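The values are calculated or read from the model by the stated rules, or taken from the named source; none is laboratory data. Owing to the predicted nature of the structure, the values given are computational and were not obtained by experimental measurement. Neighbour counts are summed over all protein chains in view; Cβ atoms, including those assigned to glycine, are modelled from backbone coordinates with ideal geometry. Calculation scope for accessible area: heavy atoms of the full protein, side chains included, ligands and nucleic acids excluded. Shrake-Rupley method; radii C 1.70, N 1.55, O 1.52, S 1.80 Å.
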Amino acid sequence: QVQLVESGGGLVQAGGSLRLSCALSGRAFNIPYFMGWFRQGPGKEREFVVAGSWSGARTYYADSVKGRFIISKDNAENTVYLQMNSLKPEDTAVYYCAARSLPIGVPTTTPHSESEFDRWGQGTQVTVSA
């Protein structure tokens, strides 16, 4: 099983940038099929942000972040990143890294629902001030 640990959250002014990291670790874990980022704002339900296949061949962004956020990874370090640019106050949320590692019923298209991911990080707080 793979463990996910997010980092990089913090306070940033509107219009600024921030890069979140999601480190994958564990004893001989299998490379996930898909990686994704979700977020949960205060008083709101968790929502999809972006996801992509591990190979990087496929990515899918929520309309709210398309053109501003970018998902990437460092294969050597087994780390997935979320580069967030042009941040807005409405981006304020706890951001969660997620992985699809379960080999049963693997989505054929880039998943964007919580139920399609089976491993989750603890979350990292991102606060954007107006």
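Assorted remarks:
- Summed over the stretch 113-130, residues that are at pLDDT below 95 and in contact with a Gly (Cβ under 8 Å, 6 or more places away or on another chain) total 0.
- Where a residue in the stretch 72-93 is farther than 13 Å from Val49 by Cβ and its partner, wherever it lies, is among the polar types (S, T, N, Q) and assigned to a loop (DSSP other than H, G, I, E, B), with Cβ under 7 Å and at least six apart: Asn85/Ser17
- Which numbered condition Ile31 fails, given (1) in a strand (DSSP E or B); (2) in contact with a Phe, Trp or Tyr (Cβ under 9 Å, 6 or more places away or on another chain): (1)
- Strands (runs of 3 or more DSSP E) enclosed by the stretch 35-130 - at least 3 residues per element that are open to solvent by less than 30 Å² (accessible area, probe 1.4 Å) and at negative phi: 47-53, 79-84, 93-100, 124-129
- Residues in the stretch 76-92 that are out of contact with any strand residue (DSSP E or B) (no Cβ under 6 Å at 6 or more places or on another chain) and at pLDDT below 95: Ala76, Glu77.
- Selection status of Gly15, more than 16 Å from the chain's Cα centre (by Cα), open to solvent by 50 Å² or more (accessible area, probe 1.4 Å) and modelled with pLDDT of 95 or more: yes
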